Structure formats: structure tokens, C-alpha cells
Amino acid sequence: MTRTQDDFEPAHATSSTAHVLAELQLYGHRPFEDELDPRPLPDASQIEGAVADIFDALSATLTDTRLEPDLEPLLWSTVNVFHRMVGQVERDLDRNEAAQKRSQQEQDGSEIRSVELERLIAEGLTLLERRRAYEIFRDLACDQFERLTMSPWRPRSGSLVSRSTLTASMIDSRDFLNARRKVETELLVPPGPKVAVTGGLDYEDHHLIWSRLDKVREKHPDMVLLHGGSPKGAEFIASRWADHREVA
């Protein structure tokens, strides 16, 4: 008696392979549900070329047309898109950090809890890389904005663990959270002598401010300039000095 494949495998409406392909067509790749996202991030040279193309295309299209008065606000909004994406990834990082903290508290030494925490750590590291990529987008867009408008871009808004459950995943998670805190602190308070500049909005003697700051910088090459971010006046002049001298 000859046996057929159907004797061993019942008929299906669709095969397993067809189901997987349908899922990919409908939803694409969904990272962190089953496995990490293996796709690479764009490298800096790709980002630089893409950003330059975006700004050059807008400038070439609107210049010498009736839409030219709208060019600067459109370029500002383009930078702001990347700035907002940095903020969005930051919020995802905050949620990931909270999830890691919850997972730390729920650790009981089991493999299931450990694997869950490892997934959260991997997701957090990917979010850090995504944030850095969008920061590169934004910083390069700021450079293009200043190149085309001759003015800088400015945003309008700006636990107790038991040692018995301290697995390797928990140690990695705590290292990750501590590393993130260190990075955030260094960004907000860079190392080096702090030099504060303040003054009136009507102050316009940029020669004096630049010469004094140059003298301070000769004495303290690793100085950090502190100012109030005023849109004009002494603080604005000092901020432009910092931009040109590449001072934090």
C-alpha cells in the first residue's frame, strides 16, 4: 500500500512559510518581540549626504520664487523634525529604564526573568544607538541651516536588590543605567572650569566680549561657557563666540 504525504500531514489552509511571509508583508520586521533587529544603522557619511541633499533641494526649489520668504521657516522645521525624533527616542529610553527597574525588582534567579531583562538591556542599547543617529541627523541639519540662513538653529521649546537574585543580567542592567546617567550628566554639566557670561539684550560690543573670552580661554583651554540663551545681546554674542571657538 502506497502512503501519501497527506497520511502524515493534515491539509492546511496555508503553509507555515506562507504565514510568515504574510506577516512580513503586513507588518514588516518587528524588533524585540522575538529577536533583536539585525539591520544596521545608517553610517555618518550616508546621513551627511542625505541631509545635504534635503536642504539643497529645498533651497534650490524655493529660491527666486514667491515661496522664498518661506524658505527659512521650512528649513527650521526640517531641523526640528530630527530634534523631535531625539526627544521621542528619549521618552522610549525613559520607558525602557523604568521597565529595566521593574524587571530588576522581579528577578528571582529564574531563566525566564533573566532572559526578559537581557532583552530590555539589548533594547536600551539599541535605543541609545538610535538616539545618537538622530542626534547626528540633527547636528548636521543645524550646520546646513546655518550655512543657508547665516544664523544658528535654536529650538523654540528645548532600588534595594537581594544578593541572592543578583544575576549577571541584573549587573549588566545596573551598569547600563549607571552609564546612561553618566552620559546625561556629562552632557548637561561638561567637565572643565565654568565661565558664566551675562549682560543686557541691547549690548552690541562683540569685539570686547570676544577678546575677553579669548583671554579666558588662553588661561583655561578646557573652559565651559555658561549663558542664559538670550536671542540677542551679550549672551547671544558669547554663544556665537563659543560656536566659532568650539567651546562647550
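Some observations on this one:
- Taking other C-beta atoms within 10 angstrom as a stand-in for reagent exposure, 150, 223, 85 fall in the order 150, 85, 223, fewest first.
- In plain terms, the residue of 63, 149 with the fewest other Cβ atoms within 10 Å comes first and the most crowded comes last, giving 63, 149.
- Summing Cβ point charges (Lys, Arg +1; Asp, Glu -1) relative to the Cα centre of segment 42-101 gives a dipole of roughly 360 debye.
- Among 220, 227, a tally of other beta-carbon atoms within 10 Å of each Cβ gives an order, fewest to most, of 220, 227.
- Computed from the alpha carbon positions, the gyration tensor of segment 194-245 leads to an equivalent ellipsoid with semi-axes of 18, 11, 9 Å, biggest first.
- For the pair residue 202 and residue 37, label points projected 7 Å from Cα toward Cβ lie 5.3 nm apart.
- Here the label points at residue 56 and residue 129, each 7 Å from Cα along the C-beta direction, are separated by 2.9 nm in the simple model.
- Alpha-carbon centroid distance for the pair segment 95-113 / segment 59-93, whole angstrom: 39
- Cα-projected label distance for residue 44 with residue 74, points at 7 Å along beta-carbon direction, nm: 3.0
Taken together, the values in this text are just the output of simple stated rules run on the coordinates, not laboratory data. Everything numeric in this text was worked out from a predicted model, so none of it was measured. As a convention, Cβ positions derive from the backbone with ideal geometry for all residues, glycine included, and neighbour counts pool all protein chains shown.
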